[in-house]
Amino acid sequence: MNGLIARPWSALKRSYSFKEIVKALWKANPVSKQILGICSSLAVTVQLQTAIVMGVALTLVVASSNLLVSLMRKGIPRNIRIIVQCAVIATLVIIADEFLKAFMYDVSKQLSVFVGLIITNCIVLGRTEAYAMNNPPLRAFVDGLANGIGYASVLVGVAFLRELLGSGRLFGIAVVPEAWYQAGYANNGLLVLAPGAFIMIGLFVWLEHRVLEKN
Amino acid sequence: MENLISIGVNSIFVGNILLSYFLGMCSFLAVSRHLATAAGLGVAVIFVMALTTPANWLIYHFLLAPGALAWAGLPNSNLSFLKLILFIAQIAAIVQILEMIIDRYSPALYTALGVYLPLITVNCAILGVSLFMVERNYSLAETAVYGAGSGAGWCLAIIAMAAIQKKLRYADVPKGLQGFGLSMIVTGLIAMGFMLFAGISV
């Protein structure tokens, strides 16, 4: 029984995509290791829900822009490659933005300009320029997916702590019991404000470095 | 007039584009090691923001907004979904033209600012200010003040950061916190300082 579960698991662990995703989550995380895409990762982390939507939107945009640029890479002239990449990314971001407006209007209002700002998010242009321009489509797609997931993981981690400690809620539902407030527990209001995001991500990176050093 | 002053003060201090909207972090973290370069980039950002934001206002209100094409006989048009792509193209074009003009007429200014200009095209604060301007329905005068004010706010923040980094050079920082982690915490403290301006009303 054990072997039955272990076999697909070890096959999965050996696969190329799995290794790429683990690398982006941990050793080469785009946010905490390569310091890319900080802007949006801070602004949308007041609530868990917006953070998850933003993470998914960015993952889809990076993965599909990597795929498209990689498919076109032989036809793109060297000198205008940045403009071509920007056009591809901008088109995909517009699609994501319109999609959110149509199907998740409330979340789209909360994310306001930050979905549009995926265009100038360094992760997206960084991956298309550094990876998709010289690699085959499938690998580029996996690379985009991996980096998107790595970015989303930091986003969700920070949002989880900020929403839990800052307003005592998760996904908008109160999780800190009323009895705690009676006993003198108070929400940390600073975490909901802008400085809380900076400090939280600083501490997050510190923790990650400590854990990596130990390993 | 009072309205304009309050938008200006707000965009520099309380609603600082970097410290309360987190825009332009990448170049903020990369270029804040030296005071002189930080100041150079800051001035270049003021310059570009003050030019591109009103220019984007014109594009939006005469081409893209719902009903904006009435002058061309198309009263039902709504091209506002194209704003992302047109704004970024406009910013890239203005930065390019600016670079050529400065190079032609003021070589001294070019050596001081020239290196930073291409960096600015991908600075998300520039695009962000243009998008906020649309979202908040500013008029042309308000937009001009808001653009310049946001640039000044960004410049102020990066200069403060560079000055603090200089002082921190000899500080004994825990190993895991060095670099990125510390920069974020210092930025958080600056942001906290700037929040105190919130009580001031003009």
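Key figures for this structure:
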| item | result |
| --- | --- |
| Spatial separation of Cα centroids for the range B:155-176 and the range B:1-50, in angstrom | 18 Å |
| Per residue convex hull volume, Cα atoms of chain B, in Å³ | 136 Å³ |
| Hits among aspartates and glutamates - C-alpha to C-alpha of residue A:74 under 18 Å, sequence gap 8 or more where chains match | A:129 |
| A versus B: buried accessible surface, summed, Å² (probe 1.4 Å, to nearest 100) | 3100 Å² |
| Alpha-carbon centroids, the range A:160-215 and the range B:135-150: separation in whole Å | 35 Å |
| Spin-label zone in the range A:192-208 - amide nitrogen under 17 Å from a point set 7 Å from the Cα of residue A:180 along the C-beta vector | A:192 |
| Computed [θ] at 222 nm, deg cm²/dmol, the protein assembly as shown (DSSP H ≥ 4; -39,500 (n - 2.57); rounded to nearest 500) | -22500 deg cm²/dmol |
| Principal axis dimensions, largest first and in whole angstrom, of the protein assembly as shown by Cα | 73, 59, 48 |
| Alpha-carbon centroid distance for the pair the range B:80-122 / the range A:57-83, whole angstrom | 23 Å |
| Residue with peak Gaussian network fluctuation, chain A [Cα springs, cutoff 10 Å], from A:15, A:167, A:108 | A:15 |
| Fluctuation leader among B:109, B:86, B:74 - chain B, Gaussian network, Cα springs under 10 angstrom | B:74 |
| Under the span-like rule (Cα at least 20 Å along the axis, Kyte-Doolittle mean at least 1.6), DSSP H helices of chain A | A:48-72, A:81-103 |
| Alpha-carbon Debye profile of the range A:63-172, log10 I(q)/I(0) at 0.15, 0.16 Å⁻¹ | -0.73, -0.80 |
| Under-5 Å amide H pairs with residue A:170, H placed in peptide plane, nonlocal only | A:175 |
| Whole-number D in µm² s⁻¹ for chain A, Kirkwood Cα-pair radius fed into Stokes-Einstein, 10 °C, 1.306 mPa s | 85 µm²/s |
| Rh by Kirkwood over Cα pairs, then Stokes-Einstein D for the range B:45-162 at 1.002 mPa s and 20 °C, µm²/s | 142 µm²/s |
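The values are calculated or read from the model by the stated rules, or taken from the named source; none is laboratory data. Note that the structure is predicted; figures quoted are calculated from it, not measured. Ideal geometry is used to build each Cβ from the backbone, glycine not excepted, and the neighbour counts take in all protein chains shown. Each accessible area value is taken on the protein alone, full model and side chains, heavy atoms only, with ligands, DNA and RNA left out. Shrake-Rupley method; radii C 1.70, N 1.55, O 1.52, S 1.80 Å.
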